[in-house]
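What follows is a set of notes on a single structure, which appears directly below.
The values are calculated or read from the model by the stated rules, or taken from the named source; none is laboratory data. Predicted model only: the values in this text are computed from it and were never measured. No Cβ is skipped: glycine too gets one built from the backbone with ideal geometry, and neighbour counts run over all protein chains shown.
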Amino acid sequence: MARRPAGRVADVPPRAQAKLGASLPRARGGAAPSVDGGRGGRVPAYRAYARRSVRAASGSRAGAARGAARMTMALVGFGTAVPEHALTQEEAVELHSTLCEIDLNRSRTLRALYRRSGVSRRHSVLLDKSCGPLLGRQTFYPPARDDADEGPTTAHRMERYEAHAPALATTAAASALHAAGLRGGEVTHVVTVSCTGFVAPGTDTRVIEALGLPPTTQRTHVGFMGCHAALNALRVADSLVSADPAAVVLVCSVELCSLHFAYGWNPEMLVPNALFADGAAAVVGRAAPGNGSDWRIASSATLLIPDSGGDMSWRIGDHGFRMTLSARVPDLVAGGLGDWLRGWLGANGLDLGDVGSWAVHPGGPRILGAVERAAGLTPDQTRVSRGVLADFGNMSSATVLFTLDRLRSEGAPGPCVALALGPGLVAEAMLIV
């Protein structure tokens, strides 16, 4: 995919234009505004990334032959943020081995697993510095006392969530509003997303207060759904805009996966330990009035893969949240998604070959490979997803928004399909044009 200036929306291919209709947005250039990286007096502990979004989009819903045209939601501003400090994957496996006193044979296995993860670098709110002795760079996780030690309790982990999640979310949200050219007082609804922590009052109220949103801002929280939850949140936001064309919806996902590092030698937990990281992402959505060039949500779909309930789960334990991930997941994905995707796109007047870009949640290299097999994609079509995984790790629900943001910054062609998987086993997809 050729790199384009940040902020440019690429032309939709002519074949897809004919299928989706003349209402598709046209290409439009524009340089992205510079931002201060989240340090300009907002939240100094975090770096923020913002992408300029042109403000509106137009047209009827793809597949509108099934019903009357409806107001659709334009994605008018993206913002992402990560904690200030990070570990390379080599440092992460060394810290894992040190904390859990892994013996030499197991250490070789662990290092091979981390190398195959597709991750190069991960950020964590638990890191106090980016250099120096590994044990001195964080103090939350002490070395295991013995084989039975499971580390800090869930209550202690939730204390850290309450301390760090609102600030990280606020940084991403502020960047999204800046990219959209909007003030906090213009927001009418907030939809927050997280599966890595619980507290009430929650991140939603903290973001409202920090950014000066109206006290009448309506709130919805999408909680504990997993890696696909940001697409559920965008669906909620799209419904809000459809019901009230004057709505301005701020969607914000914040995930602190590093709070759930698992001690011991549990094969099911080794993969999450090697993949997951911390990050936040936000999107501003508003009605598409018909005279702009921004991406808009055209359709969404859900698939509960049969007989897969035990293959991926996310549960609350006494020492953090615990993920189970069976070896069957890649095969379930590869065998279950293809017909569903073809049927859904067909109902919207498209074939798989008409999709200009793919924002696939990078759950890991094997998951990405399974999606490629199911949809007939080439590695180049998932290049951006793999790049996000390498640069940031798997940040659960925030990751697909990082991927969408990067695709937009590169001027990726439309239409775009965003796709993510989570416990259920459930796939969520969204058509963005």
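List of remarks:
- The residues in the stretch 127-157 that are more than 27 Å from the chain's Cα centre (by Cα), within 22 Å of Arg315 (Cα to Cα) and of a type outside the set (Asp, Glu) can be counted, and the count is 2.
- Glu101 vs. criteria among the acidic types (Asp, Glu) and either more than 20 Å from Asp147 (Cα to Cα) or within 27 Å of the chain's Cα centre (by Cα) (or both): no
- Flag if Thr88 is at pLDDT 95 or above, under 24 Å from the mean Cα position of the chain (by Cα) and surrounded by fewer than 18 Cβ atoms within 10 Å (Cβ to Cβ): yes
- Taken together, the residues in the stretch 315-332 that are among the basic types (Lys, Arg), buried (at least 16 other Cβ atoms within 10 Å of the Cβ) and part of a loop (DSSP other than H, G, I, E, B) amount to 0.
- Filtered by the rule that a residue be crowded, with 20+ Cβ neighbours inside 10 Å and under 15 Å from Val271 (Cβ atoms), the stretch 115-126 gives Ser117, Gly118, Val119, Arg122.
- Here Ser117 fulfils each of the conditions (1) more than 19 Å from Thr399 (Cβ to Cβ); (2) among the polar types (S, T, N, Q); (3) modelled with pLDDT of 95 or more; (4) within 26 Å of the chain's Cα centre (by Cα) apart from (1).
- Of residues in the stretch 226-245 being out of contact with any Gly (no Cβ under 6 Å at 6 or more places or on another chain) and part of a loop (DSSP other than H, G, I, E, B), the one farthest from Ala74 (Cα to Cα): Asp244
- Contact map, the stretch 405-433: residues that are surrounded by 23 or more Cβ atoms within 10 Å (Cβ to Cβ) and of a type in the set (Phe, Trp, Tyr) paired with residues that are in a strand (DSSP E or B) and modelled with pLDDT of 95 or more, Cβ distance under 6 Å, separation 6+ or inter-chain. No pairs are found.
- Among (1) buried (at least 23 other Cβ atoms within 10 Å of the Cβ); (2) among the aliphatic types (A, V, I, L, M); (3) out of contact with any strand residue (DSSP E or B) (no Cβ under 7 Å at 6 or more places or on another chain), the one test that Leu352 misses: (1)
- Residues within the stretch 174-221 that are assigned to a strand (DSSP E or B), farther than 20 Å from Asp294 by Cβ and in contact (Cβ under 8 Å) with a residue 60 or more places away in the chain, tallied: 4
- Residues located in the stretch 372-381, provided they are assigned to a helix (DSSP H, G or I) and either out of contact with any Pro (no Cβ under 8 Å at 6 or more places or on another chain) or among the small types (Gly, Ala, Ser) (or both): Arg373, Ala374, Ala375, Pro379, Asp380, Gln381
- So Ala173, is it farther than 30 Å from Pro362 by Cβ and among the aliphatic types (A, V, I, L, M): no
- Checked against the criterion of being in a helix (DSSP H, G or I), without any contact (Cβ under 8 Å) to a residue 12 or more places away in the chain and either surrounded by fewer than 18 Cβ atoms within 10 Å (Cβ to Cβ) or not polar (S, T, N, Q) (or both), the candidates Gly369, Gly335, Gly387, Gly346 yield just one match: Gly346.
- When Arg122, Arg157, Arg106 are screened for being in contact with a helix residue (DSSP H, G or I) (Cβ under 8 Å, 6 or more places away or on another chain) and assigned to a helix (DSSP H, G or I), only Arg157 passes.
- Residues in the stretch 235-269 that are out of contact with any strand residue (DSSP E or B) (no Cβ under 8 Å at 6 or more places or on another chain) and within 15 Å of Arg296 (Cβ to Cβ): Ser239 alone.
- Exactly one residue out of Ser308, Ser299, Ser293 is in contact with a strand residue (DSSP E or B) (Cβ under 7 Å, 6 or more places away or on another chain), at pLDDT below 95 and either outside any helix (DSSP H, G or I) or over 23 Å from Thr403 (Cα atoms) (or both), and it is Ser293.
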